[in-house]
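For reference, the structure is listed below as structure tokens.
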Amino acid sequence: MSTAVTRDDVEKLVLSSLEELGAEADALSPTATFEDLDVDSLDLAELSQIVEEKYAVKLQGEDVAKLRTVEDAVNLIVERAAQ
Amino acid sequence: MINAAITGVGAVTPLGVGADSLFTGWAAGRSGIVNGEGACRDFDPTDVLTRKEARRADRSSQLVLAASTEALAQAGWTDADGGGELPYASERIGTVIGSGIGGFITLTENHAAMLQGKPVSPLAIPLLMANGPTGQVALRHGLRGPSYGVVSACAAGADAIAAGLRDLRAGAVDAVVVGGTEAAMVDLARAGFGAMDALSTTGQSRPFHVERDGFVLAEGAAVLVLEREDRARERGAEILGLVRGSGSSQDAHHLTAPTPDGSGASRAVLAALDNAGVAAEDVDYINAHGTGTPLNDRAETGAMQIALGAHLQQTPISSLKSALGHSLGASGAIEAVATVLALANRVAPPTLNLDQPDPELDLLHVIGEPMPLRDTAGRAPVALSTSFGFGGHNTCIVLGGI
């Protein structure tokens, strides 16, 4: 399954999920910070569920707490999916 | 004795969004009940909440957030765009919201998801907990004083007002935002209330009617801004009415049924009159709990006969639930808001659908047009608003006009 996961797909999923969770579409970009997007720990917990369902990748609490930008999240998911 | 000045009210009910649509609709004899239920069909949460705020709130919180926004704006605490400065230190403003159940929709949706092997939302617990609406209101408006939820079934909205009044009188706060909310129109509630024969099988809300057959399930929310009367006057606030007192009692009789003769509830009414320093003869209007269940309306009549004696025959009584249905933990707060506006307009709005009053309930009903309130020189009118909850909870609020 991990071979099918492309960085582009992950980025698209993360961006669309964050918009679904209520982030402003205009402010969304790979370099946007979660602070600027008003994305908090509860949002990231929801995002983790979406990612787990799609890629069977489990994001643990401490990993998620370190994420600062959309890109950070995408990188972590891609890295985990490749393992 | 410190009175609580009511400086703002807000409501979302089956009669529409806003306290004004509630009162004018009821006074005009309009019903918000459609197909046997009182849903808030005109309510769109994104009118007052961002998309993100709305999805982070159970419907019970969405309703009360809208009502609180209206109430705080009317009190002059916020301006039209939600900005503005609180008139007291935020640490001195409390928040007390009642709910019968809490986030019933969130609870049932997440439970269904879990049974289907789907993930339970990280928002499930904060959205379903019964104190959620209180926390949400405090968070939205930056109210940092004492805050808690009140849970006493269908008396919760009234108990929230009573609790806020006590906090105000105890000096714990300078102002307190109180209210009630309920969004329990889910199949589990319909089935549960139906199984205990509490719901009307005909889908009609007919308090005090000879053929009444149960209550009609409804949803809604209402909020009142209470301030110490002296402080409210000092800051030049417009005062809509007063909470003059409250009283509560417990039947300790049965899990759900009221004390048949109303003696349990009568103690709440007598305690409220005593707390307010109001004589029974000075009550000008009774906003009844009046659910339309055979047992409630009979026990409530008994309670009023004990508490008001012969004066009951001259006191107009009506039930707002005839127009809305029963919004459980929200009803006491919605009825308090409607009663404050009734006092301000010096009328008793009618009980709808009351073409055949039960002859065993010897009451002065308001049928058809609103009845003008008795005018007594030298004082403003006084009303009682009663709320009784499964579990034996009885609360009566004494409201005063200006």
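Here are a few things to note about the model shown:
Table: residues versus (1) touching a residue at least 12 places away in the same chain (Cβ under 8 Å); (2) assigned by TED's automatic domain parsing to the domain that holds residue B:200; (3) among the small types (Gly, Ala, Ser).
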{"position": "B:12", "(1), (2), (3)": "yes, yes, no"}
{"position": "B:15", "(1), (2), (3)": "yes, yes, no"}
{"position": "B:18", "(1), (2), (3)": "yes, yes, yes"}
{"position": "B:22", "(1), (2), (3)": "yes, yes, no"}
{"position": "B:27", "(1), (2), (3)": "yes, yes, yes"}
{"position": "B:33", "(1), (2), (3)": "yes, yes, no"}
{"position": "B:43", "(1), (2), (3)": "yes, yes, no"}
{"position": "B:47", "(1), (2), (3)": "yes, yes, no"}
{"position": "B:50", "(1), (2), (3)": "no, yes, no"}
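- The number of residues in the stretch B:317-368 that are of a type in the set (S, T, N, Q), within 17 Å of residue B:291 (Cβ to Cβ) and either surrounded by fewer than 24 Cβ atoms within 10 Å (Cβ to Cβ) or in the same structural domain as residue B:16 (by TED's automatic domain parsing) (or both) comes to 1.
- Among the residues of the stretch B:99-109, some residue qualifies, meaning at least one is in contact with a strand residue (DSSP E or B) (Cβ under 9 Å, 6 or more places away or on another chain), on the phi > 0 side of the Ramachandran plot and either crowded, with 21+ Cβ neighbours inside 10 Å or at pLDDT below 95 (or both).
- Boolean, residue B:261 is modelled with pLDDT of 95 or more and in a loop (DSSP other than H, G, I, E, B): yes
- Single match in B:15, B:65, B:49 (criterion: in contact with a Gly (Cβ under 7 Å, 6 or more places away or on another chain) and buried (at least 19 other Cβ atoms within 10 Å of the Cβ)): B:15
- Test for residue B:323: is it in contact (Cβ under 8 Å) with a residue 24 or more places away in the chain, outside any loop (DSSP other than H, G, I, E, B) and of a type in the set (A, V, I, L, M, F, W, C): yes
- Test: residue in the stretch B:134-147 that is within 17 Å of the chain's Cα centre (by Cα) and either farther than 19 Å from residue B:189 by Cα or free of Cβ contacts under 8 Å to residues at least 24 places away in the same chain (or both): yes
- Yes/no for residue A:24 being among the acidic types (Asp, Glu), without any contact (Cβ under 8 Å) to a residue 60 or more places away in the chain and within 14 Å of chain B (Cβ to nearest Cβ): yes
- Within the stretch B:84-180, helices (runs of 4 or more DSSP H) holding 3 or more residues that are farther than 17 Å from residue B:397 by Cβ: B:104-115, B:124-128, B:132-141
- Scope the stretch B:370-391; condition touching a helix residue (DSSP H, G or I) at 6+ places or on another chain (Cβ under 9 Å), in a loop (DSSP other than H, G, I, E, B) and either surrounded by fewer than 22 Cβ atoms within 10 Å (Cβ to Cβ) or small (Gly, Ala, Ser) (or both); matching residues: B:370, B:373, B:374, B:376, B:379, B:380, B:390, B:391
- Considering residues of the stretch A:27-73 that are within 13 Å of chain B (Cβ to nearest Cβ), in a helix (DSSP H, G or I) and charged (D, E, K, R) only, the residue nearest to residue B:118 (Cα to Cα): A:53
- Considering B:46, B:13, the condition of being within 14 Å of chain A (Cβ to nearest Cβ), touching a helix residue (DSSP H, G or I) at 6+ places or on another chain (Cβ under 6 Å) and over 29 Å from residue B:235 (Cβ atoms) is satisfied by B:46 alone.
- Looking across A:17, A:41, one residue alone is among the hydroxyl-bearing types (Ser, Thr, Tyr) and buried (at least 17 other Cβ atoms within 10 Å of the Cβ). It is A:17.
- Complete set of residues in the stretch B:252-275 that are surrounded by fewer than 21 Cβ atoms within 10 Å (Cβ to Cβ) and in contact (Cβ under 8 Å) with a residue 60 or more places away in the chain: B:252, B:253, B:254, B:255, B:256, B:271
- Of everything listed in (1) of a type outside the set (D, E, K, R); (2) more than 23 Å from residue B:300 (Cα to Cα); (3) part of a strand (DSSP E or B), the single unmet condition for residue B:236 is (3).
The values are calculated or read from the model by the stated rules, or taken from the named source; none is laboratory data. Since the structure is predicted, the reported quantities are computational estimates derived from the model, not experimental observations. Neighbour counts are summed over all protein chains in view; Cβ atoms, including those assigned to glycine, are modelled from backbone coordinates with ideal geometry.
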